[in-house]
Amino acid sequence: QVQLVESGGDLVQPGGSLRLSCVASGIIISRNVMGWYRQAPGKQREFVARITSGGSTNYVDSVKGRFTISRDNAKNTVYLQMNSLKPDDTAVYYCTAGLRVDYWGQGTQVTVSS
């Protein structure tokens with residue numbers, strides 16, 4: 001049974017930073033595509049970032065240069081480092097696993113506000 005457990009969401013001021021974590025069980029992250037999605041209030045869920053088994057990364061244009069996805073294979077954990085946060089980054093952030101985004105975590109709330 002695959003489980004993805006996110007943590008690290010918080011209330012932060014514009015310009016601040018957060019690091020989200022996703023601890024995976026039942027799946028080996030180094031052998032899978034791992035990703036982050038987000039859903040803002042009243043909006044559709046959108047892709048944020050992904051990292052492939054080979055280590056290649058992709059980002060939505062709005063976060064390029066500010067967010068970094070990475071993984072610690074020994075801890076079977078995926079991270080999303082978020083810098084220079086903006087109010088538009090406010091959303092529930094979800095960790096995903098699988099080439100077809102087969103598995104989802106429960107989400108962690110990120111609020112960017114002064």
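The table for this structure:
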{"item": "Of the trypsin sites (Lys or Arg not before Pro) in the stretch 14-114, those whose Cβ has at most 11 other Cβ within 10 Å and which sit in DSSP loop", "result": "K43, K64, R100"}
{"item": "Charged-residue dipole, Cβ positions (Lys, Arg, Asp, Glu), the chain about Cα centre, Debye nearest 20", "result": "200"}
{"item": "Within a Gaussian network of the chain (alpha carbon springs, distance under 10 Å), most fluctuating of D102, D89, D72", "result": "D102"}
{"item": "Set of lysines with alpha-carbon distance to K43 below 19 Å, sequence-local pairs under 8 removed", "result": "K86"}
{"item": "Dipole of the chain, positive direction: furthest Cα of G16, M82, V110, with charges on the beta-carbon", "result": "M82"}
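No lab work stands behind these numbers, since they all come straight from the coordinates. Please read all numbers here as calculations on a predicted model, not as lab measurements. Please note: Cβ atoms are built from the backbone with ideal geometry, for glycine as well, and neighbour counts cover all protein chains shown.
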